[in-house]
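A short write-up of the structure that comes next.
The values are calculated or read from the model by the stated rules, or taken from the named source; none is laboratory data. Predicted model only: the values in this text are computed from it and were never measured. No Cβ is skipped: glycine too gets one built from the backbone with ideal geometry, and neighbour counts run over all protein chains shown.
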Amino acid sequence: MGLKPLSDRIIVRRQEAAEKTAGGILLPDNAKNKPQRGVVLAVGPGKTLKNGTCQPLQVKAGDVVLFTAWAGDEFEDRSKSEDILIMHEEDVLAVLE
């Protein structure tokens with residue numbers, strides 16, 4: 001991938017959008033909602049506190065997370081032709097087990 005997140009940032013690969021509804025209707029690309037679930041690819045070292053210590057992150061690479069709809073900044077990984085998100089750990093709502 002070639003990206004190393006800094007501070008309290010994480011890199012997330014968004015999961016694929018649903019191709020059809022629960023009733024079986026196929027959705028065109030422009031009607032699909034962006035999923036708010038993804039897999040953490042990499043994490044930064046942690047947030048630097050005011051006293052100079054580093055607070056480690058609660059998520060780790062490989063975790064499946066739920067995040068807010070407008071979380072992070074989206075970039076295209078051209079080597080794999082997929083979109084990735086770089087976001088702060090605080091944008092993560094929950095880790096799925």
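One residue alone among L93, L57 is in contact (Cβ under 8 Å) with a residue 24 or more places away in the chain and not in a strand (DSSP E or B), and that residue is L57. Take K60 and tell me if it is modelled with pLDDT of 90 or more and over 16 Å from the mean Cα position of the chain (by Cα). It is false that K60 is modelled with pLDDT of 90 or more and over 16 Å from the mean Cα position of the chain (by Cα).
Scanning the stretch 11-37 for residues that are surrounded by 14 or more Cβ atoms within 10 Å (Cβ to Cβ) and touching a Gly at 6+ places or on another chain (Cβ under 7 Å), we see that the one that is modelled with the lowest pLDDT is R14.
From the residues in the stretch 38-74 that are over 22 Å from R14 (Cα atoms) and of a type in the set (K, R), which one is surrounded by the most Cβ atoms within 10 Å (Cβ to Cβ)? Among those that are over 22 Å from R14 (Cα atoms) and of a type in the set (K, R), it is K47.
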